[in-house]
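The values are calculated or read from the model by the stated rules, or taken from the named source; none is laboratory data. Just so it is clear, the structure is predicted and the values come from calculations on it, not from any experiment. Heads up, the Cβs are rebuilt from the backbone with ideal geometry, glycines too, and the neighbour counts pull from every protein chain shown.
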Amino acid sequence: MDKNRVFYYGWFLLVSSLIIATMGYSIRYSFPLFYAEILREFGKTRAETAMAFSISILVYGISSPVIGTMTDRFGPRKVLVTGAFILVAGLLVVSQMQSLWPLYVFFGVVSSVGVNSLGYAVHTVYLTNWFVTRRGLAFGVISASAGAAMLVGALYSGLIVGLGWRMAYVVLAAMAFIIIVPLAILVIRRTPQEKGLLPDGALAEQRAVATRKAESLVLDREWASTDWTLARAMKRRQFWFLLLNNVGSGITLNLVLAHQPIHTQDIGFSSIIAASVYGIVGATIIAGNLSGFISDRLGREASYALGAVACIIGVAALILASVSQPWLLYVFAVIFGWGYGMAMPSYFSAAADLFGGKHFGAINGMSIVGFGIGGFLGPWVGGLIFDTVQDYTLAFIVAGLGISMGSLSIWLAAPRKVRLVPGKVSRAPLKPASLARE
């Protein structure tokens, strides 16, 4: 009996990938909860303290090309295990710090490299091999790790209250090691062929049908047949639009996440309410991620734009929220979270549609440098604006502009001109013109 007929191993691998990425990202996205405690203990300005978060996102972006290339070369298991050890080491040092500089170095740099080695730069490389016609859905699931990380990270507030922020980091280091290392070693594989399987769980007798189905999505055969290396990709404007998208989304997500909890407390709500709103954002990001299949029907550009509009509405609700209108906090959490969650898999699917192949890890990693740049600017600019005017309104407007820029960039990258999404495969003829010559 064909192995795929019983159960497609790719789904088990996908869930394991989600758990690994969630554990890693929960360290990063829980920082806003630690932020308030560290701010009180060390008495620095918000811009100075938020700088650690900004550095972590910048390093996340800068290290992505290296991590993507290492994944292409050595495979995902070695990268994931190494990342777990790096993350644990960074957290243990941070737990003992007596000034802010270890926070910059061991959280901002060391732990960030560890988190990145457990995140999208690794998982998108091998999931591209396991899922072809269901790529939007698969990337939606792995993208849900960010929302799940926020939801899980919100629970860390209990550790902070009960054990203090220092011991909380020690506990998280132990959890990261225990959860990540066994899954990486025992479950993760680079290709379905290593398990004697075909992409998307196709049966052996369906190989030719599956191949024809994948080929039917291609509009620009010259582009799709190109062996895209990082050097070749960087000569195309489509690559730079993907990077620009990451700059915009990096500004939006990280500015909002870094400052929403403390802004919520500033306008009169308790730290528990602030953490609950943060957690709801995470939960609804998951819902948006799991709506990634919509991009397989509407197209990458349209689904990203839908998510961007929702983000802007959510940010507007956050600006207008007050003690007399607390319901707006929850409007923000639900709409912003769902919108950003919708946008994430649309981006990853667009990148894979354009530059998928054996060098996708390096290409995708380099484009994520943009997220690092935006992620560095977002929290720091948000803190700087507050320190200057004692208000977050302008900062959150900047966040809205960031996701708008991201949506425009996806339209300009135009993955729709290279491959159809499955939902549109019967509605468009093959186009002879090639973007590869542009």
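Points worth noting:
- Test for SER216: is it polar (S, T, N, Q) and modelled with pLDDT under 80: yes
- Residue in the stretch 176-191 that is nearest to the chain's Cα centre (by Cα), counting only those that are of a type outside the set (A, V, I, L, M) and in a helix (DSSP H, G or I): PHE177
- Test for GLU41: is it in contact with a Phe, Trp or Tyr (Cβ under 7 Å, 6 or more places away or on another chain), acidic (Asp, Glu) and either surrounded by fewer than 20 Cβ atoms within 10 Å (Cβ to Cβ) or not in a helix (DSSP H, G or I) (or both): no
- Subset of the stretch 76-85 (residues that are of a type outside the set (D, E, K, R) and surrounded by fewer than 23 Cβ atoms within 10 Å (Cβ to Cβ)): VAL81, THR82, PHE85
- Check on VAL161, part of a helix (DSSP H, G or I), at negative phi and either buried (at least 20 other Cβ atoms within 10 Å of the Cβ) or under 21 Å from the mean Cα position of the chain (by Cα) (or both): no
- Yes/no for SER99 being in contact (Cβ under 8 Å) with a residue 40 or more places away in the chain, assigned to a helix (DSSP H, G or I) and either among the small types (Gly, Ala, Ser) or crowded, with 24+ Cβ neighbours inside 10 Å (or both): no
Every residue, every condition in (1) modelled with pLDDT of 90 or more; (2) at positive phi; (3) in contact with a Gly (Cβ under 7 Å, 6 or more places away or on another chain); (4) of a type in the set (A, V, I, L, M), yes or no:
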site	(1), (2), (3), (4)
THR22	yes, no, no, no
ALA47	no, no, yes, yes
GLY61	no, no, yes, no
LYS78	yes, no, no, no
VAL81	yes, no, no, yes
VAL88	yes, no, no, yes
GLN96	yes, no, no, no
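- Complete set of residues in the stretch 139-157 that are of a type in the set (Gly, Ala, Ser) and modelled with pLDDT of 85 or more: SER145, ALA148, ALA149
- None of ILE272, ILE251 is part of a helix (DSSP H, G or I) and surrounded by 24 or more Cβ atoms within 10 Å (Cβ to Cβ) except ILE251.
- Unmet criterion (only one of (1) without any contact (Cβ under 8 Å) to a residue 40 or more places away in the chain; (2) on the phi < 0 side of the Ramachandran plot) for GLY43: (2)
- Hey, ARG46 surrounded by fewer than 16 Cβ atoms within 10 Å (Cβ to Cβ) and of a type outside the set (A, V, I, L, M) or not: no
- Restricting the first member to the stretch 123-141 and to residues that are without any contact (Cβ under 8 Å) to a residue 40 or more places away in the chain and assigned to a helix (DSSP H, G or I), and the second to residues that are buried (at least 24 other Cβ atoms within 10 Å of the Cβ) and among the basic types (Lys, Arg), no beta-carbon pair is closer than 8 Å while six or more apart or on different chains.
- The set of residues in the stretch 59-75 being surrounded by fewer than 24 Cβ atoms within 10 Å (Cβ to Cβ), assigned to a helix (DSSP H, G or I) and of a type outside the set (S, T, N, Q) consists of VAL59, ILE62, PRO65, VAL66, MET70, ASP72, ARG73, PHE74.
- Restricting the stretch 390-414 to residues that are part of a loop (DSSP other than H, G, I, E, B) and free of Cβ contacts under 8 Å to residues at least 24 places away in the same chain, the residue that is surrounded by the most Cβ atoms within 10 Å (Cβ to Cβ): ASP391
- Test result for TRP327, free of Cβ contacts under 8 Å to residues at least 24 places away in the same chain and among the aromatic types (Phe, Trp, Tyr): yes
- The set of residues from the stretch 1-60 being over 18 Å from ILE180 (Cα atoms) and of a type in the set (Lys, Arg) comprises LYS3, ARG5, ARG40, LYS44, ARG46.
- Subset tally (residues that are charged (D, E, K, R) and closer than 13 Å to TYR340 by Cβ) for the stretch 264-310: 0
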